[in-house]
Amino acid sequence: MVELKLDVKKQNIQLFLDVYDEDKATKLAEENKKKAFGVLSVFDKSDNIELTHTEKRYEPIWNIIGESYIEYLKSNNYGFAVEPQVRSVKIAGKSFDISGEKPYLNFEAEDHCVETYTKKLITDAVEGKVRGKELLRFLEFKTKEIKQTEQLMGKNKVVIPAKIKAAYLVRGFVKDLIKPVQADKILHEIVEIKKVVLYFRPIWAFEFTNKSSGKSGVLEIDALTGEMNKGKVYKTELGELIPEGALFDIGAELASYVIPGAGLGAEISKIVKKKREEKKAKKEMHKSRAAMEAKGRKRN
């Protein structure tokens with residue numbers, strides 16, 4: 001049976017610390033405020049554009065790291081050439097006769113194998129889109145642990161609620177960590193979820209209003225990188241969609257995988273069967289292609 005582990009100590013909420021605080025971000029936004037209105041704004045006078053609202057937004061990101069370990073035994077055949085006059089070879093106290101017409105020793109052995117595999121996942125916690133390359137860079141920035149999202153709330157602060165539960169991500173994550181092996185006997189098999197962290201990324205949003213036209217535009221400043229984009233403001237607090245306790249509740253999800261016939265054992269069987277079918281199909285495809293090519297040569 002596969003042993004499943006979850007490191008509870010590595011299961012928490014982390015907040016990215018500002019590189020661009022409000023003063024730095026406001027200055028950057030004021031210097032580029034025309035960009036909030038698009039191309040035509042280059043003809044507007046800067047004096048006509050004023051800052052009318054500022055808010056800070058926190059966007060959730062899941063980061064999960066898992067590791068699998070499998071130790072097993074499998075039969076194998078080994079061989080090597082010997083001198084013509086050699087009639088037998090003793091290896092580790094066991095004697096092997098040289099038979100056949102070639103000076104070659106062939107013998108059966110048992111391999112003791114160990115394999116490990118690590119999988120990392122970083123995805124937004126709102127839509128569950130895996131944006132690894134885009135989000136991975138944020139993990140380089142400093143963070144601090146917070147106990148609950150209420151610590152981020154306040155006047156002109158918006159916490160985007162997480163919609164994706166860790167359990168939903170772990171379900172597919174565990175499947176990917178299980179790698180089918182050709183083994184005669186499994187000695188140990190462990191799947192461990194080593195890290196489950198919900199990060200919150202800070203973004204500044206500045207609303208500017210053109211006094212002449214009355215039109216408004218929003219310029220967003222990434223509090224970590226300083227990158228600027230046109231965006232939006234909420235001007236209201238957003239409620240929690242899923243309680244924080246439920247977001248991290250993956251214990252039951254892991255336990256479901258060790259139920260015989262319905263959990264991890266069944267999943268392993270499905271994966272092994274799929275791999276075998278793919279291998280068989282590939283072999284048949286090569287055989288068919290070779291036959292077609294051979295027939296083509298004969299016609300020529």
Selected residue (criterion: nearest to residue 247 (Cα to Cα)) from residues of the range 128-147 that are modelled with pLDDT of 85 or more and in a loop (DSSP other than H, G, I, E, B)
147
State whether one or more residues within the range 97-114 are exposed (fewer than 11 other Cβ atoms within 10 Å of the Cβ) and of a type in the set (Phe, Trp, Tyr).
no
When the residues of the range 23-50 are narrowed to those that are exposed (fewer than 15 other Cβ atoms within 10 Å of the Cβ) and closer than 18 Å to residue 231 by Cα, which ends up modelled with the highest pLDDT?
27
Across the range 122-138, the tally of residues that are among the acidic types (Asp, Glu) and under 11 Å from the mean Cα position of the chain (by Cα) stands at 1
Of the residues in the range 54-95 that are assigned to a loop (DSSP other than H, G, I, E, B) and either in the same structural domain as residue 168 (by TED's automatic domain parsing) or of a type in the set (A, V, I, L, M, F, W, C) (or both), the one that is farthest from residue 206 (Cα to Cα) is 86
So residue 108 clears everything in (1) part of a helix (DSSP H, G or I); (2) under 26 Å from residue 71 (Cβ atoms) except one condition, right? Which one?
(1)
For the range 67-86, enumerate the residues that are surrounded by 11 or more Cβ atoms within 10 Å (Cβ to Cβ) and without any contact (Cβ under 8 Å) to a residue 24 or more places away in the chain.
82, 86
Can you find even one residue in the range 190-212 that is assigned by TED's automatic domain parsing to the domain that holds residue 16, small (Gly, Ala, Ser) and more than 30 Å from residue 110 (Cα to Cα)?
yes
Can you name every residue in the range 141-171 that is more than 13 Å from residue 61 (Cβ to Cβ) and under 17 Å from the mean Cα position of the chain (by Cα)?
165, 167, 168, 170, 171
Got a sec? Which of 68, 75, 99, 88 is hydroxyl-bearing (Ser, Thr, Tyr) and in contact with a helix residue (DSSP H, G or I) (Cβ under 6 Å, 6 or more places away or on another chain)?
68
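Here are some residues: 159, 126, 174, 191. Which one is within 30 Å of residue 52 (Cβ to Cβ) and crowded, with 17+ Cβ neighbours inside 10 Å? Give the steps one after another, and end with the answer.
Details: 126 fails: crowded, with 17+ Cβ neighbours inside 10 Å; 174 fails: within 30 Å of residue 52 (Cβ to Cβ); 191 fails: within 30 Å of residue 52 (Cβ to Cβ).
One residue alone meets the criteria, 159.
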Number of positions in the range 148-175 that are closer than 17 Å to residue 234 by Cα and part of a loop (DSSP other than H, G, I, E, B)
6
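The values are calculated or read from the model by the stated rules, or taken from the named source; none is laboratory data. If you're wondering where the values come from, they're calculated on a predicted model, not measured in any experiment. Note that each Cβ is placed from the backbone with ideal geometry, even for glycine, and that neighbours are counted across all protein chains shown.
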